[in-house]
Amino acid sequence: MTDVTDHLKGDRIWTWRTPRHRLLLWAGWLGLVALFVWCWGVMTKGTIWAFVCDAPAQAADIGGRMIPPSFGYLPELMGPLWDTLNMATLGTMLGVVMAVPVAFLAARNTSPSPRLLRPVAMFVIVASRSINALIWALLLVAILGPGLLAGIIAIALRSIGFIGKLLYEAIEETDPRQIEAVTATGAGPAQVLTYGIVPQVLPAFWGITVFRWDINIRESAILGLVGAGGLGLKLQASLNTLAWPQVTMILIVILGTVVVSEWISGTVRRALI
Amino acid sequence: MRYATTWKRPPQIIKNRRLAVALQVGFAIWFIAALATLDLDWVRMTEGWSRAVRFAQGFLSPDFTSRWRDISRGLEESLTMTLTSTVVGVAISIPIGIGAARNIAPRAVHAVCRSIIAVSRAVQEIIIAIFFVAMFGFGPFAGFLTLTFATIGFIAKLLADDIEDLDEAQVEAVRATGAGWMQVINYAVQPQVMPRLIGLSVYRLDINFRESSVIGIVGAGGIGATLNTAIDRYEYDSAGAILLIIIVIVMIAEYGSSYLRKFLQ
Amino acid sequence: MLDLQGLIKTYKTGDRAVNNVSLSVPKGQIVGLIGPSGAGKSSLIRCINRLVEPTAGRITLGGTELTGLAPRALRRQRRRIGMIFQEYALVERLTVMENVLSGRLGYVSFWQSFTRRFPPADIARAYALLDRVGLSDHADKRADALSGGQRQRVGIARALAQDPELLLVDEPTASLDPKTSRQIMRLLTEICAERDLPAIVNIHDVALARQFLPRIVGLRAGQVVFDGSPADLTDAALTRIYGDEDWDAMRRAEADDQAEAREALATQDAMAMA
C-alpha cells in the first residue's frame with residue numbers, strides 16, 4: 001500500500017540543497033571572506049590612518065573652497081569644450097574605421113582564416129579593451145607630444161576593442177538563413193557580405209557606435225589630465241594652482257556635456273530599435 | 001506591358017531630401033573645421049617617431065626584471081584594491097539597488113537611492129580619485145574608495161533595473177501566501193536576481209582591475225602609478241612589461257569570469 | 001534535366017542524412033519530396049546546389065556536373081538553380097526590390113551590386129516578376145513589413161530573377177496558414193508550367209503534396225522508399241515512409257481541409273468578380 005505517509009518514513013526529509021552542496025557553498029563564502037580580510041591587510045599596510053581620520057575635515061575644507069563655482073571662467077572653457085567634443089567624435093570615427101575589419105576577422109562566420117587571423121583579431125580586441133584610453137594617451141603624449149592628436153588616437157585605440165567585440169558578436173548572431181539564401185543565388189563572397197550580412201548588422205553597428213561615442217565624450221573630458229588637450233587640460237591646470245572654484249566650474253561643464261551626450265545616445269539607440 | 005528600367009533605393013532614415021543634403025554639408029563643414037583645430041606639430045612628431053620605435057621595441061622585448069620590485073608592489077596594490085572594492089561595493093549596492101527598484105521600494109527611498117546611483121555614474125572614476133586622494137592622501141586606500149564608489153553606481157543600477165524587470169507573477173504568488181516584505185525579497189526576488197547579480201559582480205571585478213590600472217596616474221596607488229613612473233622616466237621596456245602584464249591579467253579575468261559565471265549558475 | 005547518382009551525405013557527427021539517393025527529374029516536372037522530419041529532405045536539396053557539400057555521388061544539371069566544381073564555377077552554376085526557402089529567408093532589412101534584385105547577384109559585378117546599379121534589363125525583369133506574383137505596389141517596402149504569404153511571393157520572385165533552369169523549394173508553406181499555403185503552391189505550379197521549369201519541392205504536408213504535385217518521392221532515413229504518382233501513394237506506401245499511423249483519420253481531415261480551401265477560394269473568386 002502506498003500513501004502519502006510512506007514518504008515520511010525512511011530518509012526522505014526535505015532539505016534546502018544537498019548537504020554536500022551546502023558545505024561547498026559555505027566553504028566558498030568562507031574562502032571569500034578570508035581572501036577579503038587578507039587583501040584588506042595587504043592593501044592598507046601603507047595607509048596612514050591619521051590622514052584617513054582627517055578626511056572629513058579635508059572634505060569640508062575643499063567643499064568650502066569649491067563653492068561658489070567661478071562662472072566668470074565659463075567663456076574660457078568653450079574652446080576646450082569644442083576640442084573635447086571633436087576629440088571624442090574624430091576618435092570614434094577613426095576607431096570605427098579600424099574596428100570594422102577587425103570585427104569581420106574575429107567573427108566566426110566571416111573570418112577568412114579561423115586558425116590564423118581570428119586569434120590575431122581577438123588579441124587586438126582584448127589588448128585594446130584592457131588598456132584604458134588614459135594610458136594610451138599617456139603613451140601617445142610621450143610619443144607625439146601633447147595635443148589633440150594624441151587624444152584622438154588614444155580614443156580610437158581604446159574604441160577598437162569595444163566596437164570590435166560588440167560588432168563581432170552581432171555578426172555572429174546574424175540569421176544564417178538569410179545568408180544562405182543570398183549564397184544560393186550564386187553571389188560571390190563580397191556580395192554575400194554586402195547583401196546578406198551588412199543589412200542585418202547595420203542597426204547594431206549604429207547603436208554600438210553611438211554608445212561608444214557617448215562613452216568617448218566622458219573619456220575625452222579627462223584625457224587632458226595627461227596632456228592630450230580638451231577640458232582635462234584646464235582641470236589639471238586648475239588643480240595644480242588649487243583654483244577650486246574653477247575646478248567646480250569645469251566639473252559642471254563636464255557633467256552637462258555627459259548628460260547631453262547620454263541623452264543623444266539614448267534617443268538614437270531607442271530610434272534604432 | 002513595359003516595365004520601368006530604373007529603380008532607386010528609397011531613403012531609409014531621413015526621408016526629406018533637403019534635410020539629408022543639409023546634414024551632409026553640415027557634417028563636411030564640421031569635419032574640416034575639426035581637422036583644422038588639430039594644430040599638428042610636425043617637428044615634434046618626427047622627434048617622437050624614434051620614441052615610438054623604442055616603445056614598440058620595449059613592447060616586443062619587455063623588461064620585467066629591473067623594475068620588478070615596483071611592478072610587484074603596484075600589482076599587489078591593484079589586485080587587493082580590486083577585490084576589496086568589489087566586495088565592499090557589491091555589499092553596499094545590494095540595499096541601494098533594492099531601494100532603487102520602483103516596484104518594491106517606497107517612493108522616497110527610491111528617489112534617494114536613484115540619485116546616489118546617478119551621482120556615482122555621472123562622475124568619472126579619475127575625477128573621484130582626484131578628490132579622494134586630496135581627502136585621504138596618496139595610496140591605495142583612496143583607490144579602494146574610488147572603485148567602491150564606482151562599483152555602487154554600476155551594480156546598484158543594474159540590480160535595480162533587474163528587479164524592476166522581474167516576473168511580477170512570482171512576486172505576487174509569494175505575497176499571496178501572506179509573506180512579509182523581507183520574505184518576499186528572500187523568496188521571490190532573490191532567486192530570480194541572484195544569478196545575474198553574481199555574474200555582474202564578477203564582471204565588475206574585471207572592470208575594477210582595469211580601472212585600478214588607471215587611477216594610479218592621479219596618485220591613487222596600484223599598477224597605474226608604476227606605469228606612469230616608467231613612462232615619465234622613458235623606460236619603455238618596463239612600461240611594455242607592465243602593459244603586457246595588464247593585458248594578460250585582463251585576459252585571464254575575462255576567461256575566468258565567463259567560466260566562473262557558467263560554474264555558478 | 002537533373003540527375004542524381006548515388007548521392008551520399010554524412011555529417012561530421014556521423015549522421016548519414018542522405019543515403020545513396022539516385023533520382024532524375026525531367027524538364028517541366030515538379031517532384032514533391034515527402035518524409036518525416038530528419039529524413040534528409042533538407043540535406044538532399046541543399047546538396048544539389050552544394051550549400052551542403054555532398055560526401056559522395058554525382059549531380060548533373062543539364063549535362064554539367066556540379067560535384068567537384070571550383071568556387072567560381074560553382075557560383076556560375078548556382079545562378080541556374082533558383083531556391084525558395086522555408087520561412088522565406090528574405091534579407092529582412094532590405095527593400096522588396098533589393099531582395100528580388102539579389103537574384104541577379106551572380107550576374108553582376110560586386111561594384112554594380114554594391115551601388116545598387118543593376119542593368120536596366122534586370123530592373124525591368126524584377127518589376128515584371130513582382131507584377132507576376134502580385135506585388136507590384138510593394139517594391140519600395142522593406143521586406144519585414146510584408147505578411148508571410150507576401151514574403152514567400154518575394155522569395156519566389158527572387159528565385160525567378162535568377163532565370164533558373166531548376167527550382168529547389170524547401171518547405172515553402174511551413175509557416176503559412178492553409179489558405180495561403182494553397183495559393184503559394186498554385187503559384188509555384190503555374191510558374192513552373194509557364195516556364196517548363198523542373199522543380200523539387202520539400203513538403204511535409206502530404207495532403208498538399210497530393211493535391212498539387214504530379215510526382216511524389218518518399219524519403220525515409222535518407223533513402224528513397226517511394227517514387228510514384230499521388231494515386232500510388234497508398235496507406236501501405238505512407239506506412240513505408242512515415243511508419244504506422246491511422247491514415248484514414250488523416251485523410252478525412254485532409255478532405256475537410258480541401259473543402260474548406262475550395263470554399264475560401266470560391267469566395268475569393270466571387271469577390272474578385274464583384
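When Cβ neighbours within 10 Å are restricted to other protein chains, what is their mean count per residue of peptide B:125-136? Please report the intermediate quantities before stating the final value.
Working: counts 4, 11, 11, 0, 0, 6, 7, 2, 0, 8, 12, 9.
Per residue, the number of nearby Cβ atoms from other chains is 6 on average.
Can you tell me the length gained on complete extension of the stretch residue B:16 to residue B:115, counting 0.36 nm per residue apart and subtracting the Cα distance?
Working: separation 99, 0.36 × 99 = 35.64 nm, distance 4.04 nm.
Fully extending the segment from residue B:16 to residue B:115 adds 31.6 nm.
Using the Cα centre of the protein assembly as shown as origin and beta-carbon charges of +1 (Lys, Arg) and -1 (Asp, Glu), tell me which of C:135, C:207, C:229 is placed farthest towards the positive end of the dipole.
Among C:135, C:207, C:229, the one farthest towards the positive end of the dipole of the protein assembly as shown is C:135.
Kindly compute the accessible surface that chains A and C hide from a 1.4 Å probe when together, both sides summed, and give it to the nearest 100 Å². Intermediate results must be reported in sequence, preceding the final value.
Numbers: alone 17080 and 12970 Å², together 27960 Å².
By this definition, chains A and C bury close to 2100 Å².
Can you give the accessible area per residue of segment A:80-272, in Å², using a 1.4 Å probe?
Working: 6750 Å² over 193 residues.
Heavy-atom accessible area per residue stands at 35 Å².
What 222 nm value per residue comes from the helices of chain B, counting each DSSP H run with n ≥ 4 as -39,500 (n - 2.57) and dividing by all residues, nearest 500 deg cm²/dmol?
Numbers: 11 runs with 200 residues, N = 265.
Only helices count here, giving -25500 deg cm²/dmol.
How big is the antiparallel share of DSSP beta bridges in the protein assembly as shown, given as a percent to the nearest 5? Working shown, then result.
Values: 19 of 35 bridges.
About 55 percent, rounded to the nearest 5.
GNM on chain C, C-alpha springs below 10 Å: top fluctuator among C:123, C:216, C:59?
C:123
Among the complete DSSP H segments of chain A, which ones combine at least 24 Å of alpha-carbon extent along their axis with a mean Kyte-Doolittle hydropathy of 1.0 or more? Write out the running numbers ahead of the final one.
Values: long enough: A:19-43 (35 Å, 1.10); A:49-66 (25 Å, 0.37); A:74-106 (46 Å, 1.26); A:148-172 (35 Å, 1.49); A:198-222 (36 Å, 0.55); A:244-272 (42 Å, 1.19).
Once both thresholds are applied, what remains is A:19-43, A:74-106, A:148-172, A:244-272.
With a 1.4 Å probe and all protein chains left in place, how much of the accessible area of the protein assembly as shown comes from carbon and sulfur atoms, in whole percent?
On the protein assembly as shown, the fraction of accessible area on carbon and sulfur atoms equals 63 percent.
Averaging sequence separations of C-alpha pairs under 8 Å and six or more residues apart, then dividing by the length of chain A, give the relative contact order as a whole percent.
Working: 304 pairs, mean separation 65.3, N = 273.
Relative contact order for chain A comes out at 24 percent.
Along segment B:29-40, what does the Karplus equation 6.51 cos²θ - 1.76 cosθ + 1.60 (θ = phi - 60°) give for ³J(HN,Hα), rounded to whole Hz, x for Gly and Pro?
Per residue, the Karplus-derived 3J(HN,Hα) values read 4, 4, 4, 5, 4, 5, 5, 5, 7, 5, 6, 7 Hz.
Starting at the first residue of segment B:122-134, write each ³J(HN,Hα) from the Karplus equation 6.51 cos²θ - 1.76 cosθ + 1.60 with θ = phi - 60°, in whole Hz, x for Gly and Pro.
Running phi through 6.51 cos²θ - 1.76 cosθ + 1.60 with θ = phi - 60° gives 6, 9, 5, 3, 5, 6, 4, 4, 4, 5, 5, 5, 5 Hz.
Could you rank the peptides A:63-70, C:200-207 by their average count of other C-beta atoms within 10 Å per residue, with the highest value first?
Numbers: A:63-70: 13.0, C:200-207: 22.1.
The densest-packed peptide leads the list: C:200-207, A:63-70.
FRET efficiency for residue C:234 and residue C:136, Cβ-Cβ distance as r, R0 = 35 Å, nearest 0.05? Intermediate results must be reported in sequence, preceding the final value.
Numbers: r = 44 Å, r/R0 = 1.26.
My answer for the efficiency is 0.20.
Net charge near residue A:233: determine it from the other residues with C-beta under 15 Å of the C-beta of residue A:233, scoring Lys and Arg +1 and Asp and Glu -1. Before the final figure, lay out the partial values.
Details: positive: A:234; negative: A:76, A:83, A:219, B:39.
Around residue A:233, the charge tally is -3.
Calculate the dipole size of segment A:80-272 relative to its Cα centre from +1 charges on Lys and Arg beta carbons and -1 charges on Asp and Glu beta carbons; express the result in debye to the nearest 20. Present the calculation step by step, with values, prior to reporting the outcome.
Numbers: 12 positive and 9 negative charges, 43 e Å.
Roughly 200 debye for segment A:80-272.
Considering the options C:100, B:212, B:88, tell which one lies farthest towards the positive end of the dipole of the protein assembly as shown, charges being +1 on Lys and Arg and -1 on Asp and Glu at the Cβ, about the Cα centre.
C:100
In a Gaussian network model over chain C where Cα atoms closer than 10 Å are linked, find which of C:104, C:79, C:16 has the largest mean-square fluctuation.
Per the Cα network of chain C with a 10 Å cutoff, C:16 tops the list.
Taking each residue in A:139-150, count the Cβ atoms of any other chain within 10 Å of its Cβ, then average. What number comes out?
Values: counts 10, 3, 2, 9, 14, 9, 8, 2, 6, 6, 5, 2.
Partner-chain Cβ atoms within 10 Å, mean over residues of A:139-150: 6.
Please compute the net charge surrounding residue C:1, taking Lys and Arg as +1 and Asp and Glu as -1 over other residues with Cβ under 14 Å from its Cβ. It would help to have the intermediate numbers written out before the result.
Values: positive: C:27, C:80, C:195, C:215; negative: C:3, C:65, C:165, C:196.
Around residue C:1, the surrounding residues sum to 0.
Evaluate the distance, in nm, between pseudo-label points positioned 7 Å from the Cα of residue B:47 and of residue B:175 along their respective Cα→Cβ axes.
Going by the 7 Å Cα→Cβ label model, 6.9 nm.
Can you work out the accessible area per residue across segment B:66-264, with the rest of the protein chains kept in place, probe 1.4 Å, in square angstrom?
42 Å²
Can you list residues from other chains, or at least 5 along the same chain, whose modelled amide H is less than 5 Å from the amide H of residue C:226?
Excluding prolines and chain starts, which carry no amide H, the hits are C:218.
Would you mind putting C:22-31, B:8-17 in packing order, based on average other-beta-carbon counts within 10 Å, highest first?
Details: C:22-31: 16.2, B:8-17: 10.5.
The packing order, highest mean first, is C:22-31, B:8-17.
Please sort A:32-40, C:132-140 by packing, taking for each peptide the average over its residues of neighbouring beta carbons within 10 angstrom, highest first.
Numbers: A:32-40: 13.8, C:132-140: 16.3.
The peptides rank, most packed first, as C:132-140, A:32-40.
Taking springs between alpha-carbon atoms closer than 10 angstrom, which of B:93, B:50, B:61 fluctuates most in the Gaussian network model of chain B?
Comparing B:93, B:50, B:61 in a Gaussian network model of chain B, the most mobile one is B:50.
Give me the 1.4 Å probe accessible area per residue for segment B:1-47, excluding ligands and nucleic acids, in Å². All intermediate terms of the calculation are to be shown ahead of the outcome.
Numbers: 4130 Å² over 47 residues.
Per-residue accessible area for segment B:1-47 comes out at 88 Å².
Within chain C, which DSSP H helices have Cα atoms that stretch 15 Å or more along the helix axis and a mean Kyte-Doolittle hydropathy of at least -1.0?
Details: long enough: C:120-132 (18 Å, 0.03); C:148-161 (20 Å, -0.27); C:178-195 (26 Å, -0.49); C:247-273 (38 Å, -0.77).
Span-like helices here: C:120-132, C:148-161, C:178-195, C:247-273.
Suppose the chain between residue A:113 and residue A:40 were pulled fully straight at 0.36 nm per residue; how much longer would it get relative to their current alpha carbon spacing?
Details: separation 73, 0.36 × 73 = 26.28 nm, distance 4.64 nm.
That works out to 21.6 nm of additional length.
Considering only C:181, B:142, A:244, whose Cα is most displaced toward the positive end of the charge dipole of the protein assembly as shown, charges sitting on Cβ of Lys, Arg (+1) and Asp, Glu (-1)?
A:244
Charges only on Cβ, +1 for Lys and Arg, -1 for Asp and Glu: so what's the dipole of segment B:66-264 about the Cα centre, in debye to the nearest 20? Intermediate values should be presented prior to the final figure.
Details: 15 positive and 17 negative charges, 50 e Å.
It works out to roughly 240 debye.
For segment A:248-262, state which residues have at least 30 Å² less accessible area in the presence of all protein chains than in their chain by itself, taking the probe as 1.4 Å and leaving out ligands, DNA and RNA.
A:251, A:255
Suppose R0 equals 45 Å. What FRET efficiency, 1/(1 + (r/R0)^6) with r the Cβ-Cβ distance, do residue B:107 and residue B:35 give to the nearest 0.05?
On the way: r = 50 Å, r/R0 = 1.12.
The computed FRET efficiency comes out at 0.35.
For peptide B:240-246, how many partner chain Cβ atoms fall within 10 Å of a residue's Cβ, on average?
On the way: counts 1, 0, 1, 6, 2, 0, 5.
Partner-chain Cβ atoms within 10 Å, mean over residues of B:240-246: 2.
Between residue A:49 and residue B:190, take the C-beta separation as r, use R0 = 41 Å, and let me know the FRET efficiency to the nearest 0.05. Before the final figure, lay out the partial values.
Numbers: r = 37 Å, r/R0 = 0.89.
Given R0 = 41 Å and the Cβ-Cβ separation, E is 0.65.
Kindly compute the accessible surface that chains B and A hide from a 1.4 Å probe when together, both sides summed, and give it to the nearest 100 Å². Write down the numbers at each step before the final one.
Values: alone 16890 and 17080 Å², together 29070 Å².
Interface area, both chains combined: 4900 Å², rounded to the nearest 100.
Local charge sum around residue B:188 (other residues, Cβ-Cβ under 12 Å, Lys/Arg +1, Asp/Glu -1)? Walk me through the intermediate numbers first.
Working: positive: B:175; negative: B:167, B:168, B:172.
Local charge sum for residue B:188: -2.
Please state the Cα pair-distance histogram of the protein assembly as shown with 10 angstrom bins from zero: what percent is in each bin?
Pairs per bin, as whole percents: 2, 10, 17, 18, 16, 15, 12, 7, 3, 0.
Taking amide H atoms as placed 1.01 Å from N in the peptide plane, list the residues 5 or more away in sequence, or in a different chain, whose amide H sits under 5 Å from that of residue C:2.
C:25, C:62
The values are calculated or read from the model by the stated rules, or taken from the named source; none is laboratory data. All values derive from a computational prediction rather than experimental measurement. Cβ: placed from backbone, ideal geometry, glycine included. Neighbour counts: every protein chain shown. Note: areas computed on protein heavy atoms with side chains; ligands, DNA, RNA excluded. Shrake-Rupley method; radii C 1.70, N 1.55, O 1.52, S 1.80 Å.
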